[in-house]
1. Only one of the values (1) 27; (2) 70; (3) 41 was calculated from this structure for percent of Cα pairs over 27 Å apart; name its label.
2. Just to confirm my understanding: which cysteines in the chain have no other cysteine beta carbon less than 4.7 Å from their beta carbon?
3. Within the stretch 99-122, which residues have the backbone N less than 20 Å from the label spot 7 Å out from Asn30 along Cα→beta-carbon, could you tell me?
4. Using θ = phi - 60° and the Karplus relation 6.51 cos²θ - 1.76 cosθ + 1.60, list the HN-Hα couplings for the stretch 214-224 in order, rounded to whole Hz, with x at every Gly or Pro.
5. Gaussian network model of the chain, Cα springs within a sub-10 Å range: biggest mean-square fluctuation belongs to which of Thr143, Thr22, Thr119?
6. Provide the per-residue ³J(HN,Hα) series for the stretch 102-107, in order, calculated from phi with Karplus coefficients 6.51, -1.76, 1.60 and θ = phi - 60°, each as a whole number of Hz, with x at glycine and proline positions.
7. Can you list the HN-Hα couplings for the stretch 26-38, worked out from phi with the Karplus curve (6.51, -1.76, 1.60; θ = phi - 60°), rounded to whole Hz and with x for Gly and Pro?
8. Computed FRET efficiency, Cβ-Cβ of Ser11 and Ala192, R0 30 Å: what is it to the nearest 0.05?
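FYI, it's all coordinate maths here, none of it is from the lab. The structure presented is a predicted model; accordingly, all values stated were derived computationally and were not measured. Every residue, glycine among them, receives a Cβ derived from its backbone with ideal geometry; neighbour counts consider all protein chains shown.
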Amino acid sequence: MFSCNNITVNSVHITAPGDSPTTDGIHIANTNNMQILNSVIGTGDDCVSIGPGSKNINISNVQCGPGHGISIGSLGCTPNEQDVIGVHVTNCNLTNTMNGVRIKSWAKPEYQSSASDITFDHINLNNVSNPIIIDQQYCPSKTCAPGSSGVKISDVHFSNIQGTTMTQIAVMLNCSESNPCQKIEMRDINIAYNGGGGPAKMRDINIAYNGGGGPEKSACANAHGAAYGQENPPSCLIA
């Protein structure tokens with residue numbers, strides 16, 4: 001969906017093989033006022049990807065899996081990208097996905113934009129790797145030079161998220177060194193490690209880990225905010 005206004009997608013069923021590359025279920029960019037409702041999406045890439053210039057996007061009651069989860073981005077890859085403002089993902093289920101709910105941007109400081117007013121609420125996870133992730137060193141080829149993303153991420157709310165993770169790091173907030181994430185809120189998070197996979201990793205950065213009595217952990221870099229209510233794993237946000 002490119003350069004659209006006032007669009008509703010309701011009750012669609014989208015499938016592609018789980019190992020098929022570049023098969024986003026629904027990709028959105030430069031679009032205002034869009035709803036995706038009551039749909040089932042399983043692909044080899046993002047179930048839904050929300051690109052630059054997306055504003056007032058509401059996603060509700062989507063079943064995602066297989067795939068790479070529900071993602072904002074990738075951002076900060078090309079010059080003159082428009083900001084992402086107002087993305088709300090609610091009442092969604094993700095099963096056997098590579099990621100859960102994600103924000104991703106390239107580590108290219110020369111390409112500046114922002115992503116703000118973002119909510120992920122009432123999300124259920126079943127055997128998901130990387131359940132909650134902000135990755136500002138996104139690099140699918142794994143050969144990118146290290147750098148600091150020019151994308152400013154702020155006012156992001158993760159709430160009422162529960163289920164199981166395939167990776168011990170259930171919450172990974174890898175924010176830009178030059179543009180730290182601001183106003184990140186974690187509220188009532190309960191994600192249990194099911195022992196199905198190894199630890200997720202961040203590349204080439206200094207991170208702070210936090211873990212409670214169980215094997216689940218959170219990992220943060222340059223992420224500022226606060227946590228409330230249940231915290232499993234314990235928060236690593238910087239106050």
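1. Computed from the coordinates, percent of Cα pairs over 27 Å apart corresponds to (1).
2. Cys4, Cys77, Cys92
3. Under 20 Å, as judged by backbone N against the label point of Asn30, lie 106, 111-116 of the stretch 99-122.
4. Rounded to whole hertz, the list is x, x, 5, 9, 10, 9, 10, 9, 6, 10, 10.
5. Thr143
6. Listing the rounded values in order: 9, 10, 9, 9, 6, 8 Hz.
7. 9, 10, 10, 7, 6, 10, 10, 6, 10, 10, 10, 10, 6
8. FRET efficiency, Ser11 to Ala192: 0.40.
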